[in-house]
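What follows draws every value from the coordinates through simple rules; no lab data is involved. None of these values were measured; they are calculated from a predicted model. All Cβ positions, even for glycine, are placed from backbone atoms using ideal geometry, and neighbour counts span all protein chains on display.
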Amino acid sequence: MYPLLKLCGNHSSDDTKLVFSSTADYVGFVFAQSKRQVSVDQLKRWLKDRKTEEKKVVALFVNESVETIKEVVSTLPIDIIQCHGSESAEQLREVKSVTGLPIWKAIHHNEQAINTMSSYTGIVDGYIVDCKVGNQWGGTGVSFDWNYIPNYLAEGKVQGVPVFIAGGINPSNIKKVLRYKPDGIDVSSGIEEEGRKSRKLIAELEERMNRHDNSTSR
Ligand SMILES: O=C(O)c1ccccc1NCC(=O)[C@H](O)[C@H](O)COP(=O)(O)O
């Protein structure tokens, strides 16, 4: 079984075209402050000619107000809201109740991370376990210690929700992370060349995940 694949941080019309022609299950767009930040108007244009029902579109926020999140998701065909900051369980409950959309929470690997995860039990619909570097919340290209992956997967199982592994995954190390059998993987920097999503790197990633057969039946 393949893990689910999320390709995140798409920030141009070309990136969007590429990831929609890939075998990714989820395509992610960053609304938070970042070199990959997108605006509602840009995304409206880029998604106009895409068959958005073929992929799930994920909107990523960092410590954003409920009002702004509501505005973004009511204007665009967003399927999932990903909160990638230090949002509390109560804040996520409110986002979920106001938008009616599934919520994924990023968990930044550290000694308290499993406790943090359990504080969201029953509220969130999935997790992205990522690496925090300095004041950057994500998209760093840096991996955490993958020996901890089984602990995160076990907590996801207890909660009955999928756990995606993120942070520094690329075509060269994908085989290693797949050995842990994560529910999903989330990649951004590892499929970029000169800051843009690369057809070649996406193809290499898919090749190493053996997802080619799948793409024809989607
Ligand atoms: O991608 C960003 O620039 C970003 C900025 C602020 C918060 C989160 C961000 N990205 C989150 C993602 O979903 C990435 O896919 C994830 O962090 C993995 O990134 P990478 O290590 O570059 O593969």
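Quick notes on this one:
- Amide proton proximity set for I128, modelled H, under 5 Å, gap of 5+: K105, A106, I107, F164
- When the chain is treated as a GNM with alpha-carbon contacts under 10 Å, the residue of I81, I165, I149 showing the greatest mean-square fluctuation is I149.
- Distance between the range 148-218 and the range 71-112 - C-alpha centres, whole angstrom: 21
- Of the trypsin sites (Lys or Arg not before Pro) found in the range 22-68, the ones in coil according to DSSP and having at most 12 other Cβ atoms within 10 Å of their Cβ are K35, K48, K51.
- At q = 0.15, 0.18 Å⁻¹, base-10 log of I(q)/I(0) for the chain (Debye sum, equal scatterers on each alpha carbon): -0.94, -1.41
- Of the trypsin sites (Lys or Arg not before Pro) in the range 178-213, those whose Cβ has at most 11 other Cβ within 10 Å and which sit in DSSP loop: R179
- Cross-link pairs beyond the 20 Å C-alpha cut-off, checked among K132/K197; K35/K175; K70/K157; K55/K157; K56/K105; K17/K132: K132/K197; K35/K175; K70/K157; K55/K157; K17/K132
- The residue among S97, L76, H109 whose Cα reaches farthest toward the positive pole of the charge dipole of the range 4-216, with charges on the beta-carbon of Lys, Arg, Asp and Glu, is L76.
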